[in-house]
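A.B. asks: Encoded as structure tokens, here's the structure I'll be asking about.
We did not get these values from a lab; they are worked out from the coordinates using the rules stated. All of these numbers come straight from a predicted model, not from anything done at the bench. In this analysis, Cβ positions are derived from the backbone assuming ideal geometry, glycine residues included, and neighbour counts consider all displayed protein chains.
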Amino acid sequence: MKNKMQAAVVARFGEPLLFEEWDIPVPGPGQVLVRTEACGVCHTDVHAWRGDWPLKPVLPFIPGHEGIGLVVAMGPGVTSVKEGDRVGVPWLYSACGHCEYCLSAWETVCAEAQFGGYTRHGGFAEYILANPDYVARIPAGLIAAEAAPIICAGVTTYKGIKETGAKPGQWIAISGIGGLGHLAIQYAAAMGLYVCAIDPDNAKLAHARRLGASLTINAADRDAVEQVRRGTGGGAHGVLITAPSLVAFKQGVAMTRKLGTCVLVGLPPGEFPTPLFDVVANCITIRGSFVGTRQDMAEALAFAAAGRVKAEIERQPLSAINDVLTRLEQGKVASRVVIDFAGM
């Protein structure tokens, strides 16, 4: 195996990523080395690149938390995977394993959690170090490029739908029909829910209907909330907000049925004013949902492996990453871009 790899590196926040040659890392005890086949690009990568969030990555770093590849080397003590296994290196890179959250299968909120492409080097490189206890196991028959979005956008929306508590035959409203939303519609339909899709782009709404949405509403309509409430017979039992928009958050709460749950997974900047009277009087639950656990990951991948959910992807080489991040920042990516390492 060669000893150098190509990587796209954030050297300074907000500046174009640099294409550099780094040493291929050597797995230590309890680590594996993954040769990257594909890596999805997420809006979180934009936030990481710009240094938007209070806890910033340490420069320089390699973004990317949807890396899929083959295990090619293992450090001492690894027993849970073997060389040749196809795995994903997701946002949840690792957790402590012994706190109250880890012990109750909520490792995503562990105070010691590490994050791929953020606090640990990620998948915008030919090789990735990974913790074998937290990699995603990619089912046979699911190719790398199609699996990549599932280990972030897929598990995030799948978990968010579960957190709404909506049951088969009930309505779920999904706001934002992009990289996350187009998968959310498919998961919701596969789970037996009636889907109302909300987006300001009529082309995305047409796409939502093709994916299985029963009702589509343009978010820019002045009476968008009332349209949802009429079309669902009083509001959606569950609402999932994937759009990074405070307007979408406000609409989402108003679209929620009495006793319903509005789940927030988008991360717009700014403060979100909560309509307290409506929330209290209608017994509405507002809940945050942050990616998903390892069990959620296995379930989300199983839907994809069974052909019930399929990410719509645009393949690009690693050399195009700066253009891809700019397009994501400008809202010019229809579904999901995946960096394909096959041609490198």
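A.B. asks: Starting from the eigenvalues of the Cα gyration tensor, five times each then square-rooted, give me the equivalent ellipsoid semi-axes of segment 236-321, largest first, whole Å. Spell out each step's value before the answer.
C.D. replies: Numbers: eigenvalues 187, 68, 24 Å².
Output for segment 236-321: semi-axes of 31, 18, 11 Å.
A.B. asks: Tell me, what is a quarter of the convex hull surface for the C-alpha atoms of segment 281-333, in nm² with one decimal?
C.D. replies: Orientation-averaged projected area of the Cα hull: 7.1 nm².
A.B. asks: To the nearest 0.05, how large is the calculated FRET efficiency for residue 319 and residue 133 if R₀ is 30 Å and r is the Cβ-Cβ distance?
C.D. replies: Working: r = 33 Å, r/R0 = 1.10.
Computed FRET efficiency for residue 319 and residue 133: 0.35.
A.B. asks: Something else now. So for 42, 283, 110, 152, fewest C-beta neighbours within 10 Å to most, what's the order?
C.D. replies: Values: 42 25, 283 9, 110 19, 152 33.
Lowest to highest Cβ neighbour count: 283, 110, 42, 152.
A.B. asks: So what's the convex hull volume per residue for the Cα atoms of segment 1-145, in Å³?
C.D. replies: Hull volume over Cα atoms, normalised by residue count, gives 116 Å³.
A.B. asks: Let me ask another. What base-10 log of the normalised intensity I(q)/I(0) is obtained for segment 46-127 from the Debye formula, alpha carbons as equal point scatterers, at q = 0.20, 0.24, 0.26 Å⁻¹?
C.D. replies: -1.03, -1.18, -1.22
A.B. asks: With an 8 Å cut-off on Cα pairs and a minimum separation of 6 or more residues, tell me the relative contact order of the chain in percent. Numbers along the way, then the final one.
C.D. replies: On the way: 820 pairs, mean separation 62.7, N = 344.
The value is 18 percent.
A.B. asks: Expressed as a fraction of 2.2 N^0.38 Å, the rule-of-thumb size for a compact globular protein of N residues, what is the C-alpha radius of gyration of segment 91-194?
C.D. replies: Segment 91-194 yields a ratio of 1.21.
A.B. asks: Could you list 230, 336, 210 in order of exposure, starting from the residue whose Cβ has the fewest other Cβ atoms within 10 Å?
C.D. replies: 210, 230, 336
A.B. asks: Rounded to the nearest 20 debye, what is the charge dipole size of segment 154-288 about its Cα centre when +1 sits on each Lys and Arg Cβ and -1 on each Asp and Glu Cβ?
C.D. replies: 360
A.B. asks: Right, next: What is the mean projected area of the alpha carbon convex hull for the chain, to one decimal in square nanometres?
C.D. replies: One quarter of the hull surface, i.e. the mean projection, equals 16.8 nm².
A.B. asks: Further question on the same structure: Of 264, 142, how do they rank once you tally other Cβ atoms within 10 Å and put the fewest first?
C.D. replies: Lowest to highest Cβ neighbour count: 142, 264.
A.B. asks: Dividing the convex hull volume of the alpha carbon atoms of segment 183-226 by its residue count, what do you get in Å³ per residue?
C.D. replies: Once divided by residue count, the hull of segment 183-226 is 59 Å³.
A.B. asks: Over segment 154-288, what relative contact order in percent results from Cα pairs under 8 Å that are six or more residues apart?
C.D. replies: 24 percent.
A.B. asks: So what are segment 154-288's ellipsoid semi-axes, whole angstrom, largest first, if each one is the square root of 5 times an eigenvalue of the alpha-carbon gyration tensor?
C.D. replies: Ellipsoid semi-axes (Å, largest first): 19, 16, 15.
A.B. asks: Pop a pseudo-label 7 angstrom from the Cα along the beta-carbon direction at both residue 220 and residue 80 and give the gap in nm to one decimal.
C.D. replies: Spacing of the two 7 Å Cα→Cβ label points: 4.7 nm.
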